[in-house]
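The block underneath contains the structure these notes are about, expressed in structure tokens.
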Amino acid sequence: MTNKVLDFVEKRKENVELKRRNFERILFQNFLGAYSVIDQSGVIYPIELVDISHEGCLFQIPWDANRDTKFDKDTEISMRMYFTNESYIPVIVNVKYGREYIGRDGMTYMQYGCEFDQSLPSFNAMKSFIEFMYSFAEHSAIDKGDRKVYFR
């Protein structure tokens, strides 16, 4: 007999986490825009959100080591999380690390792992959004073409 026991609770957590990350990628690539204010003169340019959690987010920007300047650790960045073309939730993040990354498209990016400043009143809206994403990942189902709708 084998000593290997399958931990169903842990396996379910892994599946929910994978589902959440897949949902985030679809959401970030198709619906949610994020723009970062990177200097005092108010220059705004798009970033690509990769991951988001209760504590922070991971974003990436195209990277040319010969031309671009890396954000230092603990740099404070103002971000705009757009939910429509004109309305956004302002958030502040602090850079915790930056690393070069080669994307699936073959391009080089700089990825930044950041921590949210949760003291801002606007973070309450982001907190609700993040909770929705976690809950969606846990409770959503994949449409397989069946017509029956399940309610509990």
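The values are calculated or read from the model by the stated rules, or taken from the named source; none is laboratory data. Keep in mind it's a predicted model, so treat the numbers as computed, not measured. As a convention, Cβ positions derive from the backbone with ideal geometry for all residues, glycine included, and neighbour counts pool all protein chains shown. Just the protein is used for accessible areas: all its heavy atoms, side chains included, with ligands, DNA and RNA removed. Shrake-Rupley method; radii C 1.70, N 1.55, O 1.52, S 1.80 Å.
Go through 129-138, 91-100, 69-78 and give me the packing order, highest mean Cβ count within 10 Å leading.
Top of the packing list down: 91-100, 129-138, 69-78.
Express the accessible area of segment 8-137 per residue in Å², computed with a 1.4 Å probe while the remaining protein chains stay in the model.
Value returned for segment 8-137: 62 Å² of accessible area per residue.
Hey, what do the phi angles of segment 99-112 turn into as Karplus ³J(HN,Hα) couplings, whole Hz, using 6.51/-1.76/1.60 and θ = phi - 60°, x for Gly and Pro?
8, 6, 8, 9, x, 4, 7, x, 7, 8, 10, 9, 9, 10
Keeping the other protein chains in place, figure out the carbon and sulfur percent of the accessible area of segment 8-137, with a 1.4 Å probe.
51
Semi-axes of the equivalent ellipsoid of segment 8-137: what are they in whole Å, largest first, if each equals the square root of 5 times a C-alpha gyration tensor eigenvalue?
Values for segment 8-137, descending: 24, 19, 14 Å.
How much net charge surrounds S119 when only other residues with a Cβ under 14 Å from its Cβ are counted (Lys, Arg +1; Asp, Glu -1)?
After counting each charged neighbour, the total is -3.
Summing Lys, Arg as +1 and Asp, Glu as -1, what charge do residues with Cβ under 13 Å from the Cβ of D64 carry, D64 excluded?
Once all neighbours under 13 Å are counted, the net charge is 0.
Explain nothing, just the number: dipole magnitude of segment 8-137 about its Cα centre with +1 on each Lys and Arg Cβ and -1 on each Asp and Glu Cβ, in debye rounded to the nearest 20.
Charge dipole, segment 8-137, about its Cα centre: 460 debye, nearest 20.
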